[in-house]
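To keep things clear, I will list the structure first and then write my remarks on it.
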Amino acid sequence: MFISISAQSGEEFKIEERFKATANIPAPIIAYLTNELGGNQLAACQGSQPHDIFEAHIVSLNAATKAYLVKPARMCLCGTDDCPMWLFKVKSKTAKPIWHTDGANMLEIMDKKLNGLPKLKESGGAVAHGHESIYAWDRSSYTEIYSNVWVLDAEKNCRVGKETTQLMDGKMVQHNKKCVQDEENPALKTP
């Protein structure tokens, strides 16, 4: 008997690409986003109605859990390189935000799971700077468990920055990331 195991990659959503299958956004989500962003940010979209400013896609987090992934349909709510994104669970007439980022250009719903739901990986930035974070389900919402914020050292052609990782006991540990050229290699030392 042969067992075939195929590695599946997670589902990716990029901010500059429209969702392949859009969903009607429930009124409670529109109300939440309108309240959360406020009039000043929405005014940047010059007279557009909230239903026209956002687009949604229904994602399956597991067999029993579906959620709305929401992002701007127009760049008027975005920064130079990233846009906000939200993930909502909807039950009857209430919408519960379970994840949010102020700025990303990509979200991946990973194959790896914790507490029954897949981890999320978001990233954003440009050529000279960027970030990536991984979130895990804590039974009520997604919590950041890994973060890497970096800038490009053009002279050494490498990324430097801060990496933060959550330990098993819940503590967050931060490390400074340096260029390999900055670190002294003991193997190259002469006695």
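Somewhere in the stretch 72-93, is a residue of a type in the set (Lys, Arg), closer than 20 Å to Ile15 by Cα and buried (at least 16 other Cβ atoms within 10 Å of the Cβ)?
First pass over the stretch 72-93, keeping only residues of a type in the set (Lys, Arg): 74, 89, 91, 93.
When the remaining residues are screened for being closer than 20 Å to Ile15 by Cα, the result is 74.
Still in the list and also buried (at least 16 other Cβ atoms within 10 Å of the Cβ): none.
Within the stretch 72-93, not a single residue is of a type in the set (Lys, Arg), closer than 20 Å to Ile15 by Cα and buried (at least 16 other Cβ atoms within 10 Å of the Cβ).
Could you grab me the full set of residues in the stretch 132-191 that are at pLDDT below 80 and of a type in the set (Lys, Arg)?
Hits for the stretch 132-191 are Lys171, Lys177, Lys178, Lys189.
Does His57 satisfy being under 24 Å from Gly116 (Cα atoms) and not charged (D, E, K, R)?
For His57, the condition - under 24 Å from Gly116 (Cα atoms) and not charged (D, E, K, R) - is met.
Going through the stretch 113-131 one residue at a time, which ones are in contact with a Leu (Cβ under 8 Å, 6 or more places away or on another chain), more than 18 Å from Tyr146 (Cβ to Cβ) and open to solvent by less than 50 Å² (accessible area, probe 1.4 Å)?
Residues satisfying the conditions do not exist here.
Could you list, ordered by first residue, the pairs with Cβ atoms under 7 Å in which the first is in the stretch 94-112 and within 16 Å of Leu69 (Cβ to Cβ) and open to solvent by less than 30 Å² (accessible area, probe 1.4 Å) and the second is in a strand (DSSP E or B) and of a type in the set (Val, Ile, Thr), at least 6 apart or interchain?
Ile109/Val59
Of the residues in the stretch 14-60, how many are open to solvent by 80 Å² or more (accessible area, probe 1.4 Å) and either under 15 Å from Cys83 (Cβ atoms) or among the basic types (Lys, Arg) (or both)?
6
The values are calculated or read from the model by the stated rules, or taken from the named source; none is laboratory data. It should be emphasised that the depicted structure is a prediction, and the values quoted were computed from it without experimental measurement. So basically every Cβ, Gly included, is an ideal-geometry build from the backbone, and we count neighbours across all protein chains shown. Protein only, heavy atoms only, side chains kept; ligands, DNA and RNA dropped before computing areas. Shrake-Rupley method; radii C 1.70, N 1.55, O 1.52, S 1.80 Å.
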